[in-house]
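The values are calculated or read from the model by the stated rules, or taken from the named source; none is laboratory data. As the structure is a prediction and not an experimental result, all values here were calculated from the model. Using ideal geometry, Cβ is built from the backbone for each residue, glycine included, and neighbour counts are taken over all protein chains shown. Just so you know, the surface numbers come from the protein's heavy atoms only, side chains and all, with ligands and any DNA or RNA stripped out. Shrake-Rupley method; radii C 1.70, N 1.55, O 1.52, S 1.80 Å.
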Amino acid sequence: MDSYSFSEKLGIWNPQPLEIGSCVHWSLGDLDVWAERYDIEWHVYFEHKKSLITGQEMQVRLEPRAEKPVTREWKHFLVRNAPCAYPTPAIPDRPLVVKPDRFLIILPGEIAQFFIFTPIWFRFTVGPLGRKISPRLLFEIPVFRMKSTWFGDPIVGELCYYTEARLFTDFHSLPEHPLYAVCPLRIRNESNTELPFDKICLHTEVLSLYGGENRLWTNACDVIFKGVDQATQVEPSKSPPAFEPKVRLLSPPRQAS
């Protein structure tokens, strides 16, 4: 493996060099991905499992060609000099409406620090060993099936994904899960009124994704509430999160902030 290799706890995201004729299978939450390498082609097949599962199944393994799914849904990509698959976690491609696990009222003058787990996408690229040349993107797909919702009024609102998430307040209590990214969220109520917090729209498309020792991270987000008659500010940090001593950029924002 090269310098982009992940730790054991995030090992499902490590590069997968394949010999010609070899087949590899990722089983990640709701998602199954199969890939087979030929001389100048990659054949890939992906699907979300028919039945909903808990999302705890995570593995990658080489498979005999006889075990690969028999279906016409295989996609065939012609790409030269690409003996290695680079699975990479990626941020969703549109905003994410998050409903917390509990309804909170943030009193005037209070500052709340939360950590929210956001689902990620599976980005599949192939290229030479060592990444001296940038890998080529073949496809990307959500790891978990994502519901859609509309956020805002009917005219100027926007189509988003929807998820429910637990609010963690202590960094040291965060579980380690390679299929979710942790978004540090700080909410400041600078108004003279109570701030009901029952959902938030995160513009994940302007966030970067980082890899730490055992977790995936996004930029931190600051939410500043100054009153119902003023626009609430949601400001993503331009720096990596500071909760791990060393992180590296895995994927830049899809859009400029």
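Just checking, how many residues over the range 141-173 are assigned to a loop (DSSP other than H, G, I, E, B), within 27 Å of Ile106 (Cα to Cα) and under 20 Å from the mean Cα position of the chain (by Cα)?
2
For the range 1-31, name all the residues that are open to solvent by less than 30 Å² (accessible area, probe 1.4 Å), at pLDDT below 95 and of a type outside the set (A, V, I, L, M, F, W, C).
Gly11, Asn14, Pro15, Gly21, Ser27, Gly29, Asp30 - these are the residues of the range 1-31 that are open to solvent by less than 30 Å² (accessible area, probe 1.4 Å), at pLDDT below 95 and of a type outside the set (A, V, I, L, M, F, W, C).
Can you tell me how many residues within the range 211-230 are open to solvent by less than 20 Å² (accessible area, probe 1.4 Å) and part of a strand (DSSP E or B)?
Number satisfying all stated conditions: 8.
Quick check: is even one residue across the range 139-155 in contact with a Ser or Thr (Cβ under 6 Å, 6 or more places away or on another chain) and at pLDDT 95 or above?
Quick first cut of the range 139-155, residues in contact with a Ser or Thr (Cβ under 6 Å, 6 or more places away or on another chain) only: none.
Looking for residues that are in contact with a Ser or Thr (Cβ under 6 Å, 6 or more places away or on another chain) and at pLDDT 95 or above, one finds none in the range 139-155, hence no.
Give just the number: which of (1) in a strand (DSSP E or B); (2) open to solvent by 80 Å² or more (accessible area, probe 1.4 Å); (3) of a type outside the set (Gly, Ala, Ser) does Gln255 not satisfy?
Going through the list (1) in a strand (DSSP E or B); (2) open to solvent by 80 Å² or more (accessible area, probe 1.4 Å); (3) of a type outside the set (Gly, Ala, Ser), Gln255 breaks only (1).
For the range 174-199, give me each residue that is β-branched (Val, Ile, Thr) and in a strand (DSSP E or B).
Matches in the range 174-199: Val182, Ile187.
Kindly provide the set of residues from the range 231-251 that are in contact with a strand residue (DSSP E or B) (Cβ under 9 Å, 6 or more places away or on another chain), open to solvent by less than 80 Å² (accessible area, probe 1.4 Å) and not in a strand (DSSP E or B), ordered by number. Steps first, please.
Initially, the range 231-251 is screened for residues in contact with a strand residue (DSSP E or B) (Cβ under 9 Å, 6 or more places away or on another chain), giving 232-237, 240-244, 247-251.
Subsequent filtering for residues that are open to solvent by less than 80 Å² (accessible area, probe 1.4 Å) retains 232-234, 236-237, 240-241, 243-244, 247-248, 250-251.
Those that are in contact with a strand residue (DSSP E or B) (Cβ under 9 Å, 6 or more places away or on another chain), open to solvent by less than 80 Å² (accessible area, probe 1.4 Å) and not in a strand (DSSP E or B): Thr232, Ser237, Pro240, Pro241, Phe243, Glu244, Val247.
For the subset of the range 52-73 comprising residues that are under 24 Å from the mean Cα position of the chain (by Cα) and surrounded by 14 or more Cβ atoms within 10 Å (Cβ to Cβ), which member is modelled with the highest pLDDT?
Residue satisfying both the conditions and the ranking: Val60.
For a quick check of your reading: which strands (runs of 3 or more DSSP E) sit entirely within the range 4-107 and have at least 1 residues that are under 24 Å from Thr204 (Cβ atoms)? Let's see the steps before the verdict.
Working: elements: 23-28, 31-37, 41-48, 58-63, 75-78, 84-90, 96-100, 104-106.
Those strands (runs of 3 or more DSSP E) span 23-28, 31-37, 41-48, 58-63, 84-90, 96-100, 104-106.
Quick one: which residue in Ile133, Ile116 is of a type in the set (Val, Ile, Thr) and farther than 20 Å from Tyr38 by Cα?
Details: Ile133 fails: farther than 20 Å from Tyr38 by Cα.
The unique qualifying residue is Ile116.
Does Ile116 satisfy the criteria of being in contact with a Phe, Trp or Tyr (Cβ under 9 Å, 6 or more places away or on another chain), in a strand (DSSP E or B), of a type in the set (Val, Ile, Thr) and open to solvent by 80 Å² or more (accessible area, probe 1.4 Å)? It would help to see each step written out before you state the result.
Values: in contact with a Phe, Trp or Tyr (Cβ under 9 Å, 6 or more places away or on another chain): yes; in a strand (DSSP E or B): yes; of a type in the set (Val, Ile, Thr): yes; open to solvent by 80 Å² or more (accessible area, probe 1.4 Å): no.
For Ile116, the condition - in contact with a Phe, Trp or Tyr (Cβ under 9 Å, 6 or more places away or on another chain), in a strand (DSSP E or B), of a type in the set (Val, Ile, Thr) and open to solvent by 80 Å² or more (accessible area, probe 1.4 Å) - is not met.
Which members of the range 134-164 meet the condition of being surrounded by 20 or more Cβ atoms within 10 Å (Cβ to Cβ) and either closer than 18 Å to Asp101 by Cα or without any contact (Cβ under 8 Å) to a residue 60 or more places away in the chain (or both)?
Scanning the range 134-164 gives Tyr161, Thr163.
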